[in-house]
Amino acid sequence: AGASVSLMSFAETPWINIGYSDDKNVYRNFQVNAVDPYFLKTMGIEMAEGRDFSANNPADQTSSMIVNEALVKQFGWKSGVGQKLPGKIEQQIVGVVKDFNYQSLHTKIQPLVMIIKPDTFFRRINDISFASPLQPRISVRIKAGNLTANLNTLKQVWKTVAPDQEFEYRFLDETIAAQYLAEQRTGSVVKIASTLSIFIACMGLFGLATLTVVRRTREIGIRKVLGASVGSLVQLLSREFLVLVIIAALIAFPLGWWAMNKWLEDFAYRIHIAWWVFPIAGIAALLI
């Protein structure tokens with residue numbers, strides 16, 4: 001359990017975009033968030049090097065910053081701790097966090113700076129833009145268990161602290177899931193379309209198989225009298241359909257790989273399509 005206050009939470013993306021020209025007139029661009037000393041611990045963000053903000057260290061309020069690994073790579077530093085951003089920005093880096101996705105997986109992790117008090121920092125930059133209102137957000141991590149009781153406790157505390165303001169809340173997992181609503185809808189449509197396609201194909205194959213059996217009834221009878229087994233008869237009748245299924249699979253495999261690859265290109269962080277998926281799909285089609 002834990003709680004933290006930040007200017008932007010994971011429910012608002014992107015965070016504050018900052019741009020400025022450094023002492024060599026190179027334009028630098030990165031994301032910024034103002035957080036309290038408990039933000040990293042509450043959100044479970046791991047340190048790569050250095051230390052977290054300390055509530056007992058007054059210097060952290062105005063003179064320290066924490067950055068992510070992406071920013072260290074952008075500036076070409078071997079170690080970020082002790083560094084300062086080139087230019088007029090005075091805060092010193094006291095810690096580097098491991099890269100974490102604070103935006104959708106569609107977006108590559110951007111260089112990030114976290115500070116406690118943004119006033120002096122903002123006065124020394126050229127450009128600032130943000131998509132959500134700049135107002136404090138409270139993030140609370142609660143233990144698994146009685147959710148209703150936990151929410152009631154938070155409501156009571158909120159009424160004590162801010163009696164004139166309505167208690168509003170959102171669950172982080174639901175907020176993150178909403179970022180992929182389009183993918184969820186696409187997945188549902190594909191599942192329904194695939195089920196209908198398989199059903200229609202099976203009905204067609206069943207009709208063709210029935211017609212073939214009717215036409216070859218005499219041949220089947222003769223083979224049965226001569227000692228042919230049921231398995232050999234099924235193999236005989238299914239051979240031409242299996243050839244058609246194999247041809248269809250050979251056509252569908254490259255088209256399926258191309259379509260899925262194109263869709264996955266929309267994600268900065270994505271899986272790669274394994275080769276074994278296609279043989280399994282082909283075997284499943286043959287069994288059906």
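Here Leu105 passes the criteria (1) of a type in the set (A, V, I, L, M, F, W, C); (2) within 30 Å of Asp173 (Cβ to Cβ); (3) not in a loop (DSSP other than H, G, I, E, B) except the one numbered (3).
I need a count of the residues in the range 53-75 that are among the polar types (S, T, N, Q), within 17 Å of Phe100 (Cα to Cα) and open to solvent by 50 Å² or more (accessible area, probe 1.4 Å). So that I can check it myself, show each step before the final result.
Filtering the range 53-75 down to residues among the polar types (S, T, N, Q) leaves 54, 56-57, 61-64, 68, 74.
Now drop any that are not within 17 Å of Phe100 (Cα to Cα), which leaves 68, 74.
Pick out the ones that are also open to solvent by 50 Å² or more (accessible area, probe 1.4 Å) and you get 74.
Here the count works out to 1.
Tell me which residues, restricted to the range 137-162, are of a type in the set (A, V, I, L, M), closer than 16 Å to Lys41 by Cβ and open to solvent by less than 80 Å² (accessible area, probe 1.4 Å).
Val140, Ile142
The set of residues from the range 39-73 being within 23 Å of Ser132 (Cα to Cα) and touching a Gly at 6+ places or on another chain (Cβ under 6 Å) comprises Thr42, Ile66, Val67.
Residues that are under 30 Å from Pro86 (Cα atoms), touching a strand residue (DSSP E or B) at 6+ places or on another chain (Cβ under 6 Å), exposed (fewer than 15 other Cβ atoms within 10 Å of the Cβ) and modelled with pLDDT of 90 or more do not occur anywhere in the range 108-120.
Of all residues in the range 89-99 being in a loop (DSSP other than H, G, I, E, B) and at pLDDT 95 or above, which is surrounded by the fewest Cβ atoms within 10 Å (Cβ to Cβ)? Residue satisfying both the conditions and the ranking: Lys98. Of all residues assigned to the range 11-31, none qualifies as being of a type in the set (A, V, I, L, M) and touching an Asp or Glu at 6+ places or on another chain (Cβ under 6 Å).
For the range 1-52, the candidate set comprises residues that are among the aromatic types (Phe, Trp, Tyr) and under 19 Å from Phe122 (Cα atoms); within that set, the residue that is surrounded by the fewest Cβ atoms within 10 Å (Cβ to Cβ) is Tyr27. Here Arg239 clears all of (1) surrounded by 11 or more Cβ atoms within 10 Å (Cβ to Cβ); (2) basic (Lys, Arg); (3) over 30 Å from Tyr180 (Cβ atoms) except the condition numbered (1).
Among the residues of the range 76-102, those that are of a type outside the set (Gly, Ala, Ser) and closer than 18 Å to Thr42 by Cα comprise Val96, Val97, Lys98, Asp99, Phe100, Asn101, Tyr102. The condition of being at pLDDT 95 or above and in a loop (DSSP other than H, G, I, E, B) holds for only one of Val67, Val81, that being Val81. Selection within the range 4-19: residues that are part of a loop (DSSP other than H, G, I, E, B) and touching a strand residue (DSSP E or B) at 6+ places or on another chain (Cβ under 8 Å). The member of this set that is nearest to His106 (Cα to Cα) is Pro14. Considering the range 263-288, and only residues there that are in a helix (DSSP H, G or I) and closer than 26 Å to Asp99 by Cα, the residue that is most open to solvent (accessible area, probe 1.4 Å) turns out to be Trp263.
Being closer than 30 Å to Arg137 by Cα, assigned to a helix (DSSP H, G or I) and among the charged types (D, E, K, R) is a property that Glu240 lacks.
The values are calculated or read from the model by the stated rules, or taken from the named source; none is laboratory data. Keep in mind it's a predicted model, so treat the numbers as computed, not measured. Cβ coordinates were reconstructed from backbone atoms using ideal geometry, including for glycine residues, and neighbour counts include every protein chain displayed. Remember, those area values only see protein heavy atoms, side chains included, never the ligands or the DNA or RNA. Shrake-Rupley method; radii C 1.70, N 1.55, O 1.52, S 1.80 Å.
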